[in-house]
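Colleague: Quick one: structure below, then a few questions.
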Amino acid sequence: MPLDSNKTSEVFSANAKKPTSKAIESTVDTYLLDPSTGQKERCVEASGYRINHVPAGSYEKEVPKGWALLDINLAPTEGKFSLNGIEDAPERSDARSFSFIPAAQSHKFQFTRSGSSVQFMYQPNSLENVPGKDALNSISSAIWNVPDTPMISAAEIFIDYMRSGLCESYAEKKAFLRDLFAIRLIQLIENKECDKSVYSPAIQRALEFIEANIDQPVLHKDIARAAGQSEFHFARSFRTATGLSVKRYIMLRRLEVAQDLIMNTNESLAEVAFSTGFSSQSHMCTLFKRFTGRTPRSYRQRTPAIA
(Lines give C-alpha, C1' and ligand atoms only; values in the text may rest on other atoms or scores of the structure.)
Protein backbone atom coordinates (compact mmCIF):
# COMPACT_ATOMS: atom_id res chain seq x y z
CA MET A 1 0.00 0.00 0.00
CA PRO A 2 1.16 3.59 -0.54
CA LEU A 3 2.51 5.32 2.53
CA ASP A 4 0.20 7.60 4.52
CA SER A 5 1.08 11.10 3.34
CA ASN A 6 0.18 12.50 6.77
CA LYS A 7 3.12 10.65 8.30
CA THR A 8 5.70 11.86 5.85
CA SER A 9 7.96 14.88 6.09
CA GLU A 10 9.85 17.11 3.71
CA VAL A 11 12.77 15.33 2.08
CA PHE A 12 14.45 18.06 0.05
CA SER A 13 13.85 21.72 0.82
CA ALA A 14 13.82 24.41 -1.83
CA ASN A 15 17.28 25.39 -0.58
CA ALA A 16 18.68 21.87 -0.65
CA LYS A 17 22.09 21.47 -2.18
CA LYS A 18 21.89 20.13 -5.70
CA PRO A 19 23.65 16.76 -6.02
CA THR A 20 26.46 16.38 -8.50
CA SER A 21 27.01 13.20 -10.51
CA LYS A 22 29.73 12.26 -8.02
CA ALA A 23 27.28 12.71 -5.16
CA ILE A 24 24.74 10.52 -6.93
CA GLU A 25 27.32 7.76 -7.22
CA SER A 26 28.62 7.93 -3.68
CA THR A 27 25.87 8.96 -1.26
CA VAL A 28 22.99 7.10 0.32
CA ASP A 29 20.19 9.40 1.44
CA THR A 30 18.28 8.83 4.67
CA TYR A 31 14.61 9.80 4.80
CA LEU A 32 12.61 10.67 7.89
CA LEU A 33 9.21 9.04 7.36
CA ASP A 34 7.51 9.53 10.70
CA PRO A 35 8.63 12.44 12.88
CA SER A 36 6.74 11.01 15.87
CA THR A 37 8.74 7.77 15.91
CA GLY A 38 11.91 8.83 14.13
CA GLN A 39 11.66 5.83 11.77
CA LYS A 40 14.22 6.16 8.97
CA GLU A 41 14.55 4.53 5.59
CA ARG A 42 17.53 4.18 3.27
CA CYS A 43 17.50 4.17 -0.48
CA VAL A 44 18.62 1.15 -2.48
CA GLU A 45 21.92 1.89 -4.19
CA ALA A 46 24.27 -0.25 -6.26
CA SER A 47 26.79 0.37 -8.99
CA GLY A 48 25.20 2.59 -11.64
CA TYR A 49 21.71 2.87 -10.21
CA ARG A 50 19.70 3.89 -7.17
CA ILE A 51 16.06 3.68 -6.12
CA ASN A 52 14.62 5.87 -3.42
CA HIS A 53 11.33 6.74 -1.81
CA VAL A 54 10.49 10.45 -1.70
CA PRO A 55 7.95 11.36 1.01
CA ALA A 56 5.44 14.16 0.59
CA GLY A 57 6.65 17.71 0.70
CA SER A 58 8.61 20.28 -1.30
CA TYR A 59 11.98 19.47 -2.75
CA GLU A 60 14.26 20.08 -5.69
CA LYS A 61 16.67 17.80 -7.48
CA GLU A 62 19.03 17.91 -10.43
CA VAL A 63 19.85 14.89 -12.56
CA PRO A 64 22.88 15.34 -14.86
CA LYS A 65 23.26 13.93 -18.34
CA GLY A 66 24.29 10.29 -18.30
CA TRP A 67 21.64 9.39 -15.71
CA ALA A 68 18.08 8.41 -16.65
CA LEU A 69 15.22 9.07 -14.23
CA LEU A 70 11.97 7.17 -13.79
CA ASP A 71 9.68 9.17 -11.46
CA ILE A 72 6.56 7.36 -10.20
CA ASN A 73 3.86 9.51 -8.60
CA LEU A 74 1.69 7.91 -5.95
CA ALA A 75 -0.10 11.23 -5.39
CA PRO A 76 -0.73 14.43 -7.41
CA THR A 77 2.28 16.67 -7.99
CA GLU A 78 2.61 20.39 -8.67
CA GLY A 79 5.80 22.18 -9.63
CA LYS A 80 8.14 23.13 -12.43
CA PHE A 81 10.98 21.48 -14.26
CA SER A 82 13.57 22.13 -16.93
CA LEU A 83 15.19 19.93 -19.56
CA ASN A 84 18.65 20.76 -20.87
CA GLY A 85 18.47 24.15 -19.16
CA ILE A 86 15.13 25.13 -20.73
CA GLU A 87 12.55 25.85 -18.05
CA ASP A 88 8.99 24.71 -18.65
CA ALA A 89 5.81 26.27 -17.29
CA PRO A 90 4.43 25.07 -13.92
CA GLU A 91 2.70 21.74 -14.31
CA ARG A 92 0.52 19.30 -12.41
CA SER A 93 1.04 15.53 -12.71
CA ASP A 94 -1.67 13.02 -11.98
CA ALA A 95 -1.58 10.56 -9.12
CA ARG A 96 -0.59 6.97 -9.94
CA SER A 97 1.33 7.87 -13.08
CA PHE A 98 4.98 8.01 -14.09
CA SER A 99 7.37 10.13 -16.15
CA PHE A 100 10.72 9.14 -17.67
CA ILE A 101 13.71 11.32 -18.54
CA PRO A 102 16.32 9.56 -20.72
CA ALA A 103 20.02 9.70 -19.94
CA ALA A 104 20.68 11.95 -22.95
CA GLN A 105 18.93 14.88 -21.26
CA SER A 106 19.86 16.86 -18.16
CA HIS A 107 16.92 17.51 -15.90
CA LYS A 108 16.09 19.43 -12.77
CA PHE A 109 12.83 20.01 -10.98
CA GLN A 110 11.12 21.65 -8.03
CA PHE A 111 7.95 19.90 -6.94
CA THR A 112 5.46 19.74 -4.12
CA ARG A 113 3.77 16.39 -3.66
CA SER A 114 0.70 15.72 -1.54
CA GLY A 115 1.89 12.14 -1.17
CA SER A 116 4.95 10.03 -1.77
CA SER A 117 6.74 8.93 -4.93
CA VAL A 118 9.43 6.48 -5.96
CA GLN A 119 12.40 7.46 -8.15
CA PHE A 120 14.63 5.08 -10.07
CA MET A 121 17.84 6.66 -11.42
CA TYR A 122 20.31 4.68 -13.47
CA GLN A 123 23.18 4.83 -15.91
CA PRO A 124 22.49 2.87 -19.12
CA ASN A 125 25.44 0.50 -18.62
CA SER A 126 23.94 -0.65 -15.31
CA LEU A 127 21.19 -2.46 -17.27
CA GLU A 128 23.69 -4.72 -19.03
CA ASN A 129 21.89 -7.94 -18.05
CA VAL A 130 18.32 -6.65 -18.44
CA PRO A 131 16.46 -8.17 -21.45
CA GLY A 132 15.34 -5.49 -23.91
CA LYS A 133 17.68 -2.81 -22.53
CA ASP A 134 18.55 -1.61 -26.05
CA ALA A 135 14.94 -0.48 -26.63
CA LEU A 136 15.03 1.45 -23.37
CA ASN A 137 18.46 2.99 -23.94
CA SER A 138 17.45 4.12 -27.44
CA ILE A 139 14.76 6.47 -26.10
CA SER A 140 15.86 10.08 -26.62
CA SER A 141 12.67 12.00 -25.74
CA ALA A 142 11.08 12.39 -22.33
CA ILE A 143 7.85 10.53 -21.49
CA TRP A 144 5.34 12.35 -19.31
CA ASN A 145 2.45 11.53 -16.99
CA VAL A 146 1.63 7.96 -18.10
CA PRO A 147 -0.90 6.05 -15.93
CA ASP A 148 0.14 2.42 -15.45
CA THR A 149 -1.07 0.12 -12.67
CA PRO A 150 1.83 -2.40 -12.89
CA MET A 151 4.36 0.42 -12.55
CA ILE A 152 2.53 1.75 -9.49
CA SER A 153 2.46 -1.78 -8.05
CA ALA A 154 6.23 -2.03 -8.53
CA ALA A 155 6.65 1.22 -6.60
CA GLU A 156 4.51 -0.09 -3.77
CA ILE A 157 6.48 -3.36 -3.69
CA PHE A 158 9.66 -1.31 -3.38
CA ILE A 159 8.24 0.66 -0.44
CA ASP A 160 7.23 -2.58 1.27
CA TYR A 161 10.77 -3.92 0.75
CA MET A 162 12.24 -0.78 2.21
CA ARG A 163 10.02 -0.94 5.28
CA SER A 164 10.79 -4.59 5.90
CA GLY A 165 14.55 -4.15 5.45
CA LEU A 166 14.71 -6.94 2.85
CA CYS A 167 16.95 -5.00 0.47
CA GLU A 168 19.56 -3.63 2.87
CA SER A 169 22.30 -6.18 2.19
CA TYR A 170 21.60 -8.44 -0.75
CA ALA A 171 22.66 -7.46 -4.25
CA GLU A 172 20.21 -9.97 -5.77
CA LYS A 173 17.26 -8.24 -4.14
CA LYS A 174 18.51 -4.85 -5.32
CA ALA A 175 18.78 -6.18 -8.88
CA PHE A 176 15.27 -7.62 -8.59
CA LEU A 177 13.90 -4.21 -7.66
CA ARG A 178 15.86 -2.55 -10.47
CA ASP A 179 14.44 -5.05 -12.95
CA LEU A 180 10.87 -4.49 -11.73
CA PHE A 181 11.00 -0.94 -13.04
CA ALA A 182 13.26 -1.40 -16.06
CA ILE A 183 11.43 -4.39 -17.53
CA ARG A 184 7.99 -2.80 -17.13
CA LEU A 185 9.20 0.37 -18.83
CA ILE A 186 10.69 -1.71 -21.65
CA GLN A 187 7.34 -3.50 -22.10
CA LEU A 188 5.48 -0.21 -22.38
CA ILE A 189 7.97 1.20 -24.88
CA GLU A 190 7.98 -1.94 -27.05
CA ASN A 191 4.17 -2.03 -27.03
CA LYS A 192 4.12 1.68 -27.95
CA GLU A 193 1.91 2.43 -24.95
CA CYS A 194 3.98 5.54 -24.17
CA ASP A 195 3.80 7.06 -27.64
CA LYS A 196 1.16 9.67 -26.76
CA SER A 197 3.26 11.00 -23.89
CA VAL A 198 6.69 11.46 -25.43
CA TYR A 199 6.50 15.26 -25.30
CA SER A 200 6.63 17.55 -22.30
CA PRO A 201 3.34 19.25 -21.33
CA ALA A 202 4.52 22.53 -22.87
CA ILE A 203 5.32 20.91 -26.24
CA GLN A 204 2.08 18.95 -26.07
CA ARG A 205 0.15 22.20 -25.63
CA ALA A 206 2.00 23.67 -28.62
CA LEU A 207 1.15 20.66 -30.81
CA GLU A 208 -2.49 20.84 -29.78
CA PHE A 209 -2.55 24.55 -30.62
CA ILE A 210 -1.07 23.85 -34.06
CA GLU A 211 -3.64 21.10 -34.72
CA ALA A 212 -6.52 23.35 -33.68
CA ASN A 213 -5.29 26.08 -36.04
CA ILE A 214 -3.95 24.02 -38.93
CA ASP A 215 -6.28 25.83 -41.36
CA GLN A 216 -5.06 29.30 -40.39
CA PRO A 217 -1.84 31.32 -40.49
CA VAL A 218 -0.11 30.59 -37.17
CA LEU A 219 2.35 32.99 -35.60
CA HIS A 220 5.37 31.69 -33.70
CA LYS A 221 4.62 34.00 -30.75
CA ASP A 222 1.09 32.61 -30.43
CA ILE A 223 2.34 29.01 -30.29
CA ALA A 224 4.97 29.97 -27.70
CA ARG A 225 2.28 31.67 -25.63
CA ALA A 226 0.13 28.53 -25.79
CA ALA A 227 3.14 26.52 -24.62
CA GLY A 228 3.77 28.91 -21.74
CA GLN A 229 7.34 29.74 -22.81
CA SER A 230 9.22 32.70 -24.22
CA GLU A 231 9.68 32.66 -28.00
CA PHE A 232 13.43 32.05 -27.63
CA HIS A 233 13.09 29.15 -25.19
CA PHE A 234 10.17 27.69 -27.12
CA ALA A 235 12.12 27.56 -30.39
CA ARG A 236 14.94 25.65 -28.64
CA SER A 237 12.69 23.29 -26.71
CA PHE A 238 10.52 22.53 -29.77
CA ARG A 239 13.53 21.63 -31.91
CA THR A 240 14.99 19.52 -29.07
CA ALA A 241 11.71 17.63 -28.64
CA THR A 242 10.70 17.09 -32.28
CA GLY A 243 13.97 17.44 -34.22
CA LEU A 244 12.29 20.07 -36.42
CA SER A 245 11.89 23.82 -36.46
CA VAL A 246 8.38 25.08 -35.74
CA LYS A 247 7.99 26.31 -39.31
CA ARG A 248 9.03 22.99 -40.83
CA TYR A 249 6.85 20.97 -38.48
CA ILE A 250 3.77 23.03 -39.41
CA MET A 251 4.49 22.68 -43.11
CA LEU A 252 4.90 18.90 -42.90
CA ARG A 253 1.80 18.55 -40.73
CA ARG A 254 -0.23 20.56 -43.25
CA LEU A 255 0.99 18.30 -46.03
CA GLU A 256 -0.05 15.22 -44.03
CA VAL A 257 -3.55 16.64 -43.54
CA ALA A 258 -3.70 17.60 -47.21
CA GLN A 259 -2.79 14.04 -48.23
CA ASP A 260 -5.62 12.71 -46.07
CA LEU A 261 -8.16 15.14 -47.54
CA ILE A 262 -7.07 14.41 -51.12
CA MET A 263 -7.34 10.67 -50.52
CA ASN A 264 -10.52 10.53 -48.46
CA THR A 265 -12.70 13.46 -49.58
CA ASN A 266 -13.99 14.98 -52.81
CA GLU A 267 -12.84 18.48 -51.88
CA SER A 268 -11.29 20.42 -54.74
CA LEU A 269 -7.58 21.17 -54.50
CA ALA A 270 -8.39 24.80 -53.79
CA GLU A 271 -10.61 23.70 -50.88
CA VAL A 272 -7.89 21.38 -49.57
CA ALA A 273 -5.36 24.21 -49.68
CA PHE A 274 -7.76 26.48 -47.81
CA SER A 275 -8.52 23.76 -45.19
CA THR A 276 -4.85 23.20 -44.47
CA GLY A 277 -3.71 26.80 -44.12
CA PHE A 278 -1.68 27.12 -47.34
CA SER A 279 -1.56 30.58 -48.85
CA SER A 280 -2.79 29.30 -52.23
CA GLN A 281 -3.48 26.16 -54.23
CA SER A 282 -0.29 26.63 -56.22
CA HIS A 283 1.77 26.92 -53.02
CA MET A 284 0.31 23.66 -51.71
CA CYS A 285 0.85 21.87 -55.04
CA THR A 286 4.48 23.00 -55.23
CA LEU A 287 5.29 21.75 -51.72
CA PHE A 288 3.22 18.58 -52.17
CA LYS A 289 5.21 17.53 -55.22
CA ARG A 290 8.52 18.47 -53.59
CA PHE A 291 7.92 16.24 -50.58
CA THR A 292 5.91 13.36 -52.08
CA GLY A 293 7.29 13.25 -55.60
CA ARG A 294 3.74 13.44 -57.02
CA THR A 295 1.27 16.18 -57.82
CA PRO A 296 -1.90 16.29 -55.73
CA ARG A 297 -3.95 15.41 -58.79
CA SER A 298 -1.91 12.29 -59.64
CA TYR A 299 -1.95 11.31 -55.97
CA ARG A 300 -5.76 11.43 -55.96
CA GLN A 301 -6.02 9.46 -59.23
CA ARG A 302 -4.00 6.58 -57.77
CA THR A 303 -6.20 6.32 -54.66
CA PRO A 304 -9.72 4.83 -54.44
CA ALA A 305 -12.50 7.14 -55.57
CA ILE A 306 -14.75 8.63 -52.88
CA ALA A 307 -18.33 7.36 -53.10
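Colleague: In the range 107-123, which residues are out of contact with any Phe, Trp or Tyr (no Cβ under 9 Å at 6 or more places or on another chain) and either at pLDDT 80 or above or farther than 20 Å from SER58 by Cβ (or both)?
Modeller: Hit for the range 107-123 is GLN119, nothing else.
Colleague: Among (1) free of Cβ contacts under 8 Å to residues at least 12 places away in the same chain; (2) in a loop (DSSP other than H, G, I, E, B); (3) touching a helix residue (DSSP H, G or I) at 6+ places or on another chain (Cβ under 6 Å), there is one condition LYS221 misses while meeting the rest; what is its number?
Modeller: (2)
Colleague: May I pose another question? Inside the range 231-307, counting only helices (runs of 4 or more DSSP H) that do not spill past its ends, which hold 3 or more residues that are among the hydrophobic types (A, V, I, L, M, F, W, C)? Even if it seems obvious, please write down each step before you answer.
Modeller: Numbers: elements: 231-242, 246-264, 269-275, 281-292, 296-301.
Answer list for the range 231-307: 231-242, 246-264, 269-275, 281-292.
Colleague: When the residues of the range 129-166 are filtered to those that are part of a loop (DSSP other than H, G, I, E, B), crowded, with 17+ Cβ neighbours inside 10 Å and of a type outside the set (Val, Ile, Thr), which remaining residue is nearest to the chain's Cα centre (by Cα)?
Modeller: Here is the first cut: in the range 129-166, the residues part of a loop (DSSP other than H, G, I, E, B) are 129-132, 138-142, 148, 165-166.
Subsequent filtering for residues that are crowded, with 17+ Cβ neighbours inside 10 Å retains 130, 139, 141-142, 148.
Subsequent filtering for residues that are of a type outside the set (Val, Ile, Thr) retains 141-142, 148.
Working: SER141: 7, ALA142: 3, ASP148: 14 Å.
Restricting to residues being part of a loop (DSSP other than H, G, I, E, B), crowded, with 17+ Cβ neighbours inside 10 Å and of a type outside the set (Val, Ile, Thr), the top hit is ALA142.
Colleague: Just for the range 66-78: of the residues that are touching a strand residue (DSSP E or B) at 6+ places or on another chain (Cβ under 9 Å) and part of a loop (DSSP other than H, G, I, E, B), which one is surrounded by the fewest Cβ atoms within 10 Å (Cβ to Cβ)?
Modeller: Taking the range 66-78 as the starting set, the residues that turn out to be touching a strand residue (DSSP E or B) at 6+ places or on another chain (Cβ under 9 Å) are 67-78.
Then drop every residue that is not part of a loop (DSSP other than H, G, I, E, B), which leaves 67, 74-76.
On the way: TRP67: 23, LEU74: 26, ALA75: 18, PRO76: 15.
It comes out as PRO76.
Here is a yes/no grid of residues against (1) surrounded by 14 or more Cβ atoms within 10 Å (Cβ to Cβ); (2) touching a residue at least 40 places away in the same chain (Cβ under 8 Å):
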site: ALA235; (1), (2): yes, no
site: GLY243; (1), (2): no, no
site: GLU256; (1), (2): no, no
site: GLN259; (1), (2): yes, yes
site: ALA273; (1), (2): yes, no
site: GLY277; (1), (2): yes, yes
site: PHE291; (1), (2): no, no
site: SER298; (1), (2): no, no
site: GLN301; (1), (2): no, no
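Colleague: Now a separate question. Looking at the range 81-105 only, could you name the residues that are in contact with a Pro (Cβ under 7 Å, 6 or more places away or on another chain), part of a strand (DSSP E or B) and modelled with pLDDT of 70 or more?
Modeller: Once the filter is applied, which keeps residues that are in contact with a Pro (Cβ under 7 Å, 6 or more places away or on another chain), part of a strand (DSSP E or B) and modelled with pLDDT of 70 or more, the range 81-105 yields only SER97.
Colleague: Follow-up. Give me the pairs, please: first residue somewhere in the range 193-213 and under 18 Å from LEU136 (Cα atoms), second residue anywhere and at pLDDT below 75 and surrounded by fewer than 19 Cβ atoms within 10 Å (Cβ to Cβ), beta-carbon distance under 6 Å, and either six or more positions apart or on two chains.
Modeller: none
Colleague: Moving to a separate point now. What are the residues in the range 196-214 that are surrounded by 14 or more Cβ atoms within 10 Å (Cβ to Cβ) and farther than 26 Å from ASP148 by Cβ, if any?
Modeller: Step one: filter the range 196-214 for residues surrounded by 14 or more Cβ atoms within 10 Å (Cβ to Cβ), giving 197-207, 209-210, 213-214.
The answer is PHE209, ILE210, ASN213, ILE214.
Colleague: Do we have any residue at all in the range 191-206 that's modelled with pLDDT under 80, more than 16 Å from the chain's Cα centre (by Cα) and of a type outside the set (Val, Ile, Thr)?
Modeller: Yes: one or more hits.
The values are calculated or read from the model by the stated rules, or taken from the named source; none is laboratory data. Everything quoted here is computed from the prediction, not taken from an experiment. Glycine also receives a Cβ, built like all others from the backbone with ideal geometry; neighbour counts cover every protein chain displayed.
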